[in-house]
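Accompanying notes for the structure given below.
Nothing in this text is a laboratory measurement; each read-out follows from the coordinates by a stated rule. Computed from a predicted structure; not experimentally measured. Backbone-built Cβ (ideal geometry, glycine too); neighbour counts: all protein chains shown.
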Amino acid sequence: MPTPPYVIPKPVGQLLGRLPALPGSMLFVTGLNVALSQKLNADVTQMLTGKKLRLRVLDAQWAFDFEWKNGRFVACQNTSAADLTLSASAHDYVQLARRLEDPDTLFFNRRLAMEGDTELGLLVKNTIDAIELPVFNLAQLHPRHVLAQAREHFKARLGSLKPR
């Protein structure tokens, strides 16, 4: 039996929706740059240049506005319609990131919506499909795992120090 999709509770979504958009967009593009910026072909980045993109997380009532500029994704304040808006629930975005769901399946099941420049949307979808991304593992974000990684990092750094 499949696990039911997680939905961010409505009061939490309402609270998140009141937060200023730009800091969230800045955090989002930082992760996007780490995951994707070095893996994009020049023809893709050329088509992304000057295009405003918006990723909406429906149940969190969050929207991340960004664009491709100077060789990386940057957050932007976009008060008008974006060139491309992708909308889905937090659960569906996590499923996409973990490669447990296909964007086409989500789209045809009306769980992923695309508004705006269809050609740009297909470019984004096909680019993500073509990139070999590591599978996103939520267990890596567990505090025990994060602390273990930090401990190993500091042990390595401290081990290289010479006593006075």
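If you check Ala35 against the conditions, is it farther than 23 Å from Glu115 by Cβ, under 17 Å from the mean Cα position of the chain (by Cα) and either crowded, with 16+ Cβ neighbours inside 10 Å or touching a residue at least 60 places away in the same chain (Cβ under 8 Å) (or both)? Yes: the conditions hold for Ala35. Counting the residues of the stretch 29-59 that are of a type outside the set (A, V, I, L, M) and part of a loop (DSSP other than H, G, I, E, B) gives 4.
Is at least one residue of the stretch 7-28 surrounded by 16 or more Cβ atoms within 10 Å (Cβ to Cβ), part of a strand (DSSP E or B), in contact (Cβ under 8 Å) with a residue 12 or more places away in the chain and out of contact with any Asp or Glu (no Cβ under 8 Å at 6 or more places or on another chain)? No, there is no match, as no residue in the stretch 7-28 is surrounded by 16 or more Cβ atoms within 10 Å (Cβ to Cβ), part of a strand (DSSP E or B), in contact (Cβ under 8 Å) with a residue 12 or more places away in the chain and out of contact with any Asp or Glu (no Cβ under 8 Å at 6 or more places or on another chain).
Filtering Leu86, Leu100 for residues that are crowded, with 20+ Cβ neighbours inside 10 Å and of a type outside the set (Val, Ile, Thr) leaves a single hit, Leu86. Thr85: hydroxyl-bearing (Ser, Thr, Tyr) and either within 22 Å of Val34 (Cα to Cα) or in contact (Cβ under 8 Å) with a residue 60 or more places away in the chain (or both), yes or no? When the stated conditions are applied, Thr85 passes them.
Of all the criteria given as (1) in contact (Cβ under 8 Å) with a residue 24 or more places away in the chain; (2) crowded, with 17+ Cβ neighbours inside 10 Å; (3) within 18 Å of Ala21 (Cβ to Cβ), the one not satisfied by Val74 is (2).
One residue stands out in the stretch 42-65 among those that are free of Cβ contacts under 8 Å to residues at least 24 places away in the same chain and among the polar types (S, T, N, Q): the one that is farthest from Ala88 (Cα to Cα), namely Gln46.
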